[in-house]
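Taken together, the values in this text are just the output of simple stated rules run on the coordinates, not laboratory data. For clarity, every value in this text was computed on a predicted model and none was experimentally measured. Using ideal geometry, Cβ is built from the backbone for each residue, glycine included, and neighbour counts are taken over all protein chains shown.
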Amino acid sequence: MSIKHVFKRTGGWLYLNTALGRGPLRGAGVILMLHRVLSNDRAAELPHRNELCVGPEAFEHLLLWLQRHFDCVPLMTLLLADPEHVPNRPRVALTFDDGWRDNAMNAFPLLRQYQVPASIFLSTDFIGSRQHFWWETLGETLWGSHGQVARHSLIEHLHQVGRPLPVLLDDIDDDRRSLALVHYLQSLKSLDPQVLSDLTESCPHGAQPQALDWSQVRMLEDSGLIRFGPHGASHAILTGLDDQRLHEELSRSRIALENGCAQPLPVYCYPNGDHDARVRQQVAAHGYPFALGTETGLYRHDGDPLNLPRFGVSQRNAHHPELLAWRIRRGTRS
């Protein structure tokens, strides 16, 4: 581990294990943002997966660490607590974006084992369907997870839309190649959504759906540990939609949650974290008093409820949660 990481881990440990460090956390809330829990830690460590994925060992390690330093509470308990009577011990709420199938297969057994509540925000068009998330599908095809024939076919399609593959994506070193893939996938975000959809459909689809189905949603909800909210319908970036499409996207996700869940959360979760004043106004008009963004900071009941801060969890900082503590320290809002 680099000297930089040793410094951060040491600073994070001191933050949570000394009275001086814990002072800013007194009475505060921390909202964590996760996406996937894979079945294999090594797979989650590669750079193109690290930011959105954690492995089961790292996730279990994170849960134990959180219980040692925080009260793990449901998201609404954190949001609705009386600011005049919040406990001194800091509270943490776990959130998962998108609605991946592995939330039920790999994350939930550990959440149930340690009795840690969580909120999952669903991109509702994907739930119970064979639709695929473009980042995962394109990334794994380019990585070679579906074989070289599929990889070369996608490379040709990408060339046709003016996005040729960089040379570094043929590097023999896994870490360098994976890091190059991260940067390349980031560059594809500017493509037209229909082009991304067409590219995704040109890739092989696995035997299992990527997303949860509605029976899994109801099973998780029935456990009493998990609640669900909307993360868009199609996962479209809301700031790029005109007023009519924005209204349709918000309405479709709300109706799907009302039909599929017993008690959907009154919290919206912005796809990609993107929002502006127009989007926030429409989210409020659709009956959501709260919405989750991706800016970092502590929750203290005094910020914009339609731009709630969160800290992202990666494989790296789940495996070494002192790094997460360092991020919380660096991103603290007073």
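Once both labels are positioned 7 Å from their Cα atoms along Cα-to-Cβ, the gap between residue 115 and residue 159 label points is 5.9 nm. Think of the chain as having a plus end and a minus end, set by charges on the Cβ of Lys, Arg, Asp and Glu; of 208, 312, 265, 312 sits farthest toward the positive end of this dipole. Structure remark: mean-square fluctuation, Gaussian network model of the chain, C-alpha springs under 10 Å; the largest value among 283, 167, 92 belongs to 167. A simple spin-label model places the labels of residue 26 and residue 186 3.9 nm from each other, with each point 7 Å out along Cα-to-Cβ. For the pair residue 43 and residue 173, a Förster radius of 22 Å applied to the C-beta separation gives a FRET efficiency near 0.85, rounded to the nearest 0.05. How large is the dipole of the chain about the Cα centre if only Lys and Arg carry +1 and Asp and Glu carry -1, each at its Cβ, rounded to the nearest 20 debye? Using Cβ point charges on Lys, Arg, Asp and Glu, the chain gives about 1220 debye. If you filter segment 252-334 for GluC sites (Glu not before Pro), then keep DSSP loop positions with at most 15 other Cβ within 10 Å, what is left? Sites meeting the loop and neighbour criteria: 295.
Restricting the trypsin sites (Lys or Arg not before Pro) of segment 22-53 to loop positions (DSSP other than H, G, I, E, B) with no more than 12 neighbouring Cβ atoms within 10 Å leaves 26. Going from the residue with the fewest nearby Cβ atoms within 10 Å to the one with the most, 304, 82 rank 82, 304. Of all DSSP bridge pairs formed entirely within the chain, close to 5 percent run antiparallel.
Could you list the residues of segment 187-207 with an amide nitrogen less than 15 Å from a label point located 7 Å from the Cα of residue 149 in the Cα-to-C-beta direction? Inside the label zone: 203-205.
Taking every alpha-carbon pair under 8 Å whose residues sit at least 6 apart, the chain reaches a relative contact order of 25 percent. Taking 0.36 nm per residue of separation and subtracting the current Cα-Cα distance, fully stretching the chain between residue 202 and residue 64 would add 45.5 nm.
Taking amide H as placed 1.01 Å from N in the peptide plane, the amide H of residue 291 sits under 5 Å from that of 268, 306, 307, 308, each at least 5 places away or on another chain.
Here's the picture: charge each Lys and Arg Cβ at +1 and each Asp and Glu Cβ at -1 in segment 134-201, and of 195, 143, 162 the one pushed furthest to the positive end of that dipole is 162.
Defining a contact as two alpha carbons under 8 Å apart and six or more residues distant in sequence, what relative contact order in percent does segment 134-201 show?
Working: 46 pairs, mean separation 23.9, N = 68.
Relative contact order here is 35 percent.
A simple spin-label model places pseudo-atoms 7 Å from Cα toward Cβ; at residue 18 and residue 195 they are separated by 5.2 nm.
Placing +1 on each Lys and Arg Cβ and -1 on each Asp and Glu Cβ, with no other charges, gives segment 134-201 a dipole about its Cα centre of roughly 140 debye. Return the equivalent ellipsoid semi-axes of the chain as a descending list in whole Å, where each equals the square root of 5 times an eigenvalue of the C-alpha gyration tensor. Equivalent ellipsoid semi-axes, largest first: 31, 25, 19 Å.
Amide H contacts for residue 28 (H built 1.01 Å from N in the peptide plane; partners 5 or more residues away or on another chain; cut-off under 5 Å): 91.
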